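For reference, the structure is listed below as structure tokens.
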Amino acid sequence: MINQGVTAALAARDANTNDVDNHNLGTGARRNERATRECTYPDFMKCQPLNFKCTEGVVELTQWIEKMETVFCISNCSVENQIKFSTSTLLGNALTWWNSHVRIVANDIAYAMIWTELKKKITNKYCLRTEIKKLKVKLWELKVKESDKIEKYVGSLPDMIHRSVVASKPKTMQEATEMQSN
């Protein structure tokens, strides 16, 4: 009789856990499940995407792209809406460029584009090669300044430490100071 009661209770429990509307974990506790819903434009805008005006060059564009990708992820933005939603944040010259692109290729084709295509087009338009070259020169100058600092620092070390640090050829100031302390 006890076995029959246990069997009946287990069967009832199994029936309840197989029920589509029941979210019990077998412990009587209700599972917190969120139904994934499609991102709407207000959902997207609540994530505070950046506007892109194309007034500050590569840095502004890079920040816009990075923020846009974060917003896509946070808002659960579908691939179908990414171009519509992201291009709504274009202002000034960038908006004029986008609108002329839409007029040339037609609305449905422009908005059927995928995010990687838009990134490529907008990067080709607003990341001038001369600007990229300037950034590379600045980066090179920073590296040269770093190597000068390392050279001066290592040169000021006592002879015994100096030889071991020079032999290890540190590339950064942090490496040089770590080697000196070892």
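Residues in region 71-96 that are surrounded by fewer than 16 Cβ atoms within 10 Å (Cβ to Cβ) and either among the basic types (Lys, Arg) or farther than 17 Å from residue 47 by Cβ (or both): 80, 84, 91, 92, 93, 96.
Among the residues of region 68-106, those that are among the hydroxyl-bearing types (Ser, Thr, Tyr) and part of a helix (DSSP H, G or I) comprise 70, 75, 86, 87, 96, 100.
Would you check if residue 169 is basic (Lys, Arg), surrounded by 14 or more Cβ atoms within 10 Å (Cβ to Cβ) and at pLDDT 75 or above? So that I can check it myself, show each step before the final result.
Values: basic (Lys, Arg): yes; surrounded by 14 or more Cβ atoms within 10 Å (Cβ to Cβ): no; at pLDDT 75 or above: yes.
Against the criterion (basic (Lys, Arg), surrounded by 14 or more Cβ atoms within 10 Å (Cβ to Cβ) and at pLDDT 75 or above), residue 169 does not qualify.
The values are calculated or read from the model by the stated rules, or taken from the named source; none is laboratory data. Computed from a predicted structure; not experimentally measured. Note that we place each Cβ from the backbone using ideal geometry, even for glycine, and neighbour counts take in every protein chain shown.
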